[in-house]
1. Only one of these is within 24 Å of ILE97 (Cα to Cα), surrounded by 19 or more Cβ atoms within 10 Å (Cβ to Cβ) and in contact with a Gly (Cβ under 6 Å, 6 or more places away or on another chain): LEU149, LEU140, LEU202. Name it.
2. When you go through (1) in contact with a Gly (Cβ under 9 Å, 6 or more places away or on another chain); (2) assigned to a strand (DSSP E or B) one by one for LEU229, which number turns out not to apply?
3. Could you grab me the full set of residues in region 118-148 that are at positive phi and free of Cβ contacts under 8 Å to residues at least 40 places away in the same chain?
4. Going by the conditions given, is LYS86 within 24 Å of HIS356 (Cα to Cα) and in contact (Cβ under 8 Å) with a residue 40 or more places away in the chain?
5. Output the residues belonging to region 263-286 that are among the hydroxyl-bearing types (Ser, Thr, Tyr) and at pLDDT below 90.
6. Against the conditions (1) surrounded by fewer than 23 Cβ atoms within 10 Å (Cβ to Cβ); (2) outside any strand (DSSP E or B), where does PRO109 fall short? Just the number, please.
7. Can you tell me which residue is farthest from GLY70 (Cα to Cα) among those in region 319-337 that are surrounded by fewer than 23 Cβ atoms within 10 Å (Cβ to Cβ) and under 16 Å from the mean Cα position of the chain (by Cα)?
Amino acid sequence: MTQMSGRIGRLILRGARWVCIYFLCLSNSAAWQGNSSSKVESSPWPEADQIFQSDPRWLGGDAAFSVDLGDGRVLWMFGDSFVAKKAGETRMQAAFIRNSVAIQTGYDPSRAAIKFYSATRHNEPGDFMPSKGTTWLWPLHGIRLRDRLLLLYMRMARDPNKSSLGFQSLGWNAFMVDNPDAEPSKWKPRKLDGPETQGKMLVGMSVIRDEKFVYAFVLHDVEHHAYLLRWPLGEAMAGRLSSPQWWCGSVEGWRENSAHRQVVIRDAGSDFSVQRDPRGEGFLEVNTDGFGATNIVFRRAARLEGAWSEPQKLYRPPESAAPNAFVYGGKAHPELSGGDLIVTYTVNGSDERLAHDMSIYFPRFVRVTFSEDSTGGQPRMQH
């Protein structure tokens with residue numbers, strides 16, 4: 001199992017690296033004690049889980065960022081993935097690649113179809129977004145901008161100093177796809193210039209827009225806090241990202257001087273999502289509140305700039321109760337239907353388990369419903 005151990009070892013280190021990024025403490029007893037007059041019902045959605053196991057060649061991946069392409073099409077962006085050369089191969093035989101994508105047709109994942117894409121190099125499956133030298137790309141988020149698609153990725157490399165458990169982020173890259181209605185195999189993403197692409201600011205953990213601006217949440221890979229920048233809509237559509245405006249606090253407002261940027265969300269988890277509140281008031285942020293045995297949590301804010309509430313528990317993955325639990329990557333997908341809020345997370349495992357247990361390392365769905373509370377305003381959760 002030497003070949004497989006090398007592939008899995010890299011994957012386990014990638015998962016373990018989130019210990020450094022997921023700065024939030026584990027909170028196994030968190031409960032929603034807010035003043036909202038609604039209650040939350042969260043439950044697993046196994047009917048939707050099947051969509052990611054419908055292709056005999058795509059054998060699992062993490063990250064699972066999603067982008068609404070319109071007309072019932074959803075782009076999924078995965079990180080480290082197992083892709084078999086032919087149906088019937090196992091993970092031990094499959095290629096281990098750094099990123100892959102899929103197109104879901106239909107917004108309800110329990111009824112939708114899906115098609116997965118990777119590249120082919122030297123007659124073997126390869127990274128969809130190609131590596132360059134000793135660096136590779138892991139996905140962040142993206143957004144459809146009329147007839148174009150803006151995609152954001154973090155740039156990674158091995159760390160010669162062995163800090164961060166063997167990996168280091170080198171910055172981020174932005175790409176523009178000019179034909180997003182075509183199959184991904186026909187895309188030719190154009191690399192764009194952006195601010196601080198060589199630094200520790202990872203731009204695009206979550207992207208959202210309004211009538212005038214495109215907003216991107218930014219995670220500092222050392223401080224572990226989230227910041228917020230924006231581009232005028234026309235500039236973003238044209239691929240001109242070099243001069244964003246940063247949120248610099250309620251006194252200074254939006255400024256191009258990034259030195260005055262202000263933290264928007266403290267101790268933000270990686271792989272988080274931000275969307276409009278499904279009840280139509282303000283915004284909702286979702287992430288995993290730690291690493292290993294963990295909860296999926298959410299925050300609320302009236303404005304993207306905050307102030308954001310303290311994290312409150314949304315769902316406790318049952319896999320968190322298992323010995324050596326390995327749960328991470330919680331985020332919401334506002335374009336999906338089937339509940340008020342649709343969330344995914346990833347379950348990983350040891351080398352041996354990951355090699356043979358095909359029930360893990362496929363994103364898992366959670367369905368969330370917000371409803372009026374009839375208990376005097378004290379929210380409740382069921383799962």
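The values are calculated or read from the model by the stated rules, or taken from the named source; none is laboratory data. Worth saying up front: this structure is predicted, and the values here are computed from it rather than measured. With ideal geometry, Cβ positions are generated from the backbone for all residues, glycine too; neighbour counts draw on all protein chains shown.
1. Unique residue meeting the criteria: LEU140.
2. (1)
3. HIS122, ASN123, GLY133 - these are the residues of region 118-148 that are at positive phi and free of Cβ contacts under 8 Å to residues at least 40 places away in the same chain.
4. no
5. Hit for region 263-286 is SER270, nothing else.
6. Against the list (1) surrounded by fewer than 23 Cβ atoms within 10 Å (Cβ to Cβ); (2) outside any strand (DSSP E or B), PRO109 comes up short only on (1).
7. Let us first name the residues in region 319-337 that are surrounded by fewer than 23 Cβ atoms within 10 Å (Cβ to Cβ), namely 319-325, 334-335, 337.
Remaining after also requiring under 16 Å from the mean Cα position of the chain (by Cα): 334-335.
Working: PRO334: 13, GLU335: 9 Å.
In this case the residue turns out to be PRO334.
Here is a yes/no grid of residues against (1) within 14 Å of TYR328 (Cβ to Cβ); (2) in contact with an Asp or Glu (Cβ under 6 Å, 6 or more places away or on another chain); (3) surrounded by fewer than 18 Cβ atoms within 10 Å (Cβ to Cβ); (4) without any contact (Cβ under 8 Å) to a residue 40 or more places away in the chain:
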{"position": "GLN275", "(1), (2), (3), (4)": "no, no, yes, no"}
{"position": "GLU281", "(1), (2), (3), (4)": "no, no, yes, yes"}
{"position": "VAL286", "(1), (2), (3), (4)": "yes, no, no, no"}
{"position": "PHE291", "(1), (2), (3), (4)": "yes, no, no, no"}
{"position": "THR294", "(1), (2), (3), (4)": "yes, no, no, no"}
{"position": "ALA301", "(1), (2), (3), (4)": "no, no, no, yes"}
{"position": "GLU310", "(1), (2), (3), (4)": "no, no, yes, yes"}
{"position": "PRO317", "(1), (2), (3), (4)": "yes, no, no, no"}
